[in-house]
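Reviewing the structure listed below.
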Amino acid sequence: MEHQNDPELHELLREWTVPDAPASLEARVLRNRRSWWGVLIHGYIRVPVPVACCLAALIILGAWRLASLSVNGCAPARALTPSIAWPKIPATPRAATSCAPDSKC
Amino acid sequence: MTDSDFRESFRCHKDAVYRFAYRMIGSEAAAEDVVQDCFVALWKNPGGYDPERGAMRAYLLGIARKLVLKRWKREMRYRMEPSDAPVAPVDIVGMERSEAIAAAVRALPPLQRDALVLAEYDELSLEEIARITEADLAAVKSRLHRARQNLRRTLAPLLETKGDLYGTSK
């Protein structure tokens, strides 16, 4: 390497050795990756503030529109007064003498 | 990136990333955390790596360096010191040689330290170090020069030629 212009220092620095990564690290890293369904449960998305504001405004507007439609679309219920209409039954003339005076009918 | 690509990258580069993190931080547990975060970042954003811009190892070391700096900032151990900041004296008397070297490297200011570790231990080129550290080539050269100068001064008792290369002999 062109910048290693101090071989003596380089040799000395090489005496500081560091162990390799422990074997347990592999399982730890591979476990830490999430599957696609894990992302559905734990994932999150970053939304820019202007987009979030527009979405919030659209949701509010939509909710307001729905509410106003439901108010105008149905006629208000009229006050009901309870009344009973009795059917008129035509009067039937009673037979004058259907039974004899001494009979027990 | 497929699962097998990821596993392959992990097996090829985990040791390099771990050693870099360990040399920078000095803690096994923290170095493991950095490796984990580094590879999870690769898994989440495989498109971040552009083969035309350099080797995968250099890319991963760049992520690891950012994670180390982030960790230092969180722990309030990192201040943007100028790269020519004075190095606190390190007493290496009575230390093992490797211990003394570790102490001397860790005493370097962060910008000198990462340039030195990437150059001396990971054997990256100046251009790669410049890309990773987001600095220009001249700044990297200057940091490396100062780092070596400081190390020569600190590790003088362990060197046969004591400090004459950079004019630091007393």
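Note on A:19-30: average number of Cβ atoms from other chains within 10 Å of each residue's Cβ is 6. Cβ crowding within 10 Å, taken as a proxy for footprinting-reagent exposure, orders B:Arg131, B:Arg65 from fewest neighbours to most as B:Arg131, B:Arg65. Across the cross-link table entries B:Lys14/B:Lys141; B:Lys14/B:Lys44; B:Lys73/B:Lys141, which are compared at the Cα atoms, the separations over 20 Å belong to B:Lys14/B:Lys141; B:Lys73/B:Lys141. The angle between the Cα long axis of helix B:137-154 and the main principal axis of chain B comes to about 50°, on a 0 to 90 degree scale. Other protein chain C-beta atoms within 10 Å of residue C-beta, averaged over B:127-134: 0. Cα-based radius of gyration for segment B:1-78, normalised by 2.2 N^0.38 Å, reads 1.08.
A short reminder: the numbers here are calculations on the coordinates, not readings from a lab. The model shown is predicted, which means the values in this text are computed figures rather than measured ones. Glycine also receives a Cβ, built like all others from the backbone with ideal geometry; neighbour counts cover every protein chain displayed.
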